[in-house]
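Below is one structure, written out as structure tokens, with a few remarks after it.
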Amino acid sequence: MKDEDYLEQLRSKLSGFSDVEKSEILEEIANHIHEAQIDPKFGEDNQEKLSAEMGSPDDLGKRLSSIYHPKRWLEYILIVIPALFLSQILSALIALTFPYNSAPTADTLGVYLGIRLTIIAQLVFAILGFKLYKQQRLITGHLFWLGSMWLTIFSMCFREKRWFPSSQFNQSIIGIAGSIFWSLVLVGILAWLTKVLWTLKDPQYFVLVAIPFFTTLGNLSIFQKILEGGFANGYHLPTWQVARFGLHQLACALWAAMFIFSKNRSVHWLGLLVYAAPLPLMNLVSSSQYPYLMAIWSIPILIVAFSWLYETIAKPSETRIYR
Amino acid sequence: MTNLQQLRKGSTPLLILSILNEGPQHGYGIMRAMEQRSEGYFSMTAALLYPALHQMELDGLVSAEWQNTIGNRRKKIYSITPKGKEYLMKDNLEWHRFFDYLFGIIDQQGIKRAQ
């Protein structure tokens, strides 16, 4: 059997795998064949010996499929359920823990407690995501929650002015130690995210992590503008709804399904666009009086669009398989 | 599957870990090392080796890393993990004990028959 036929037959047996997983398995096997072909010790009858040594592609495909039974629905649940209901759960927790307040996040304690509870919850989800990565090779949940956690901590430090000596949190030794602690946590998470992304070397995961970073940049820019006295009539996002569901919530359920369950890379990109677009679109409408804010809010959508275009034109996914 | 084949299959992780214990290797390198050290007795097809390696990676016994090589190619290099080393040590002892007792019985029977 020719090498290309072997790889093609193996590929057809890996139907349950994502494009990236398939690509990596095929690359490893293609590399094995290449090593045998250039090995001088392999002998003169190397093609015949190689065929025997490779075994059947059907066998290899079946064995690999029996090892990997990715429970993608677990990853979907890990992302969608907490993402949709986290704020309600945390508000309920705060309301149950402290004397009832109709707007728990409006009082000082609520603000500080709420954001810290959010960080703890995100840490739990990131750890669960890491377990899924280790056991099932599913990385989306881990990256999603670890990225979200980094951004929550960053937003918290930004709003509490942790990096300014005048901050009320930096007036005592414990407060300064806290600021140093959070800064180190931020650096640590960023280093870990970089390591994981570097190992994966998949532009879709880079984009997945980049989207909330730029969304947060937009949020902080709006926050800063409000502090400067902008938006005299208050800042209001449009309430776009589809059958009583907010557009943002629907998009959350949809993008994760497209990204996690589909085996097609183009559907993944479309899923990332669904993930990136709703919040920026809402903010583009609300911040239309400030062009620089509109520019900032366009970044998440542009990143997905350009990365997709770049991969489609410059690096078609097929080239990843046989490189 | 014959008993001997089952025995061989059961020894696959031990064989792979023993080779990786001497240094990181890619799949092809592991296959060649195994063949050389056993003078061809332990020859394994790719259809057996790679699923075994992937399973061991999932179990945390080995770790894998892609390394760039000449000609825009990448090699997946496997290394033994601390958990793998621990497993190797325990499994090594178990197999030695197994064969000690096995041959202890077989040899005694052989001696009796000879007498």
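The values are calculated or read from the model by the stated rules, or taken from the named source; none is laboratory data. Computed from a predicted model, the values in this text were never measured in an experiment. Cβ atoms come from the backbone with ideal geometry, glycine included; neighbour counts cover every protein chain shown.
Here are the numbers:
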read-out	value
Residue count, segment A:261-298 (criterion: within 15 Å of A:L208 (Cβ to Cβ), assigned to a helix (DSSP H, G or I) and at pLDDT 90 or above)	10
Residue among A:T140, A:T194, A:T152, A:T216 that alone is under 18 Å from the mean Cα position of the chain (by Cα), polar (S, T, N, Q) and surrounded by fewer than 13 Cβ atoms within 10 Å (Cβ to Cβ)	A:T194
Scan of segment A:40-91 for residues that are at pLDDT below 80 and not in a helix (DSSP H, G or I), ordered by number	A:G43, A:E44, A:D45, A:Y68, A:H69, A:P70, A:K71
Residues (away from chain A (no Cβ under 12 Å) and in contact with a strand residue (DSSP E or B) (Cβ under 6 Å, 6 or more places away or on another chain)) located in segment B:23-39	B:P24
Top-ranked residue in segment A:250-289 [being aromatic (F, W, Y) and over 18 Å from A:L74 (Cα atoms); ranked as surrounded by the most Cβ atoms within 10 Å (Cβ to Cβ)]	A:Y275
Subset of segment B:43-76 (residues that are buried (at least 16 other Cβ atoms within 10 Å of the Cβ), within 20 Å of the chain's Cα centre (by Cα) and within 7 Å of another protein chain (Cβ to nearest Cβ))	B:A46, B:A47, B:L48, B:Y50, B:P51, B:H54, B:Q55, B:K76
Segment B:10-22 - residue that is free of Cβ contacts under 8 Å to residues at least 24 places away in the same chain and surrounded by fewer than 18 Cβ atoms within 10 Å (Cβ to Cβ) and, of those, nearest to the other protein chains (Cβ to nearest Cβ)	B:G10
Filter pass, B:R97 being more than 15 Å from the chain's Cα centre (by Cα), basic (K, R) and modelled with pLDDT under 85	no
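The rows are residues; the columns are (1) among the charged types (D, E, K, R); (2) modelled with pLDDT of 85 or more.
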{"site": "B:M1", "(1), (2)": "no, no"}
{"site": "B:R8", "(1), (2)": "yes, no"}
{"site": "B:S18", "(1), (2)": "no, yes"}
{"site": "B:N21", "(1), (2)": "no, yes"}
{"site": "B:H26", "(1), (2)": "no, yes"}
{"site": "B:R37", "(1), (2)": "yes, yes"}
{"site": "B:G40", "(1), (2)": "no, no"}
{"site": "B:S43", "(1), (2)": "no, no"}
{"site": "B:A46", "(1), (2)": "no, yes"}
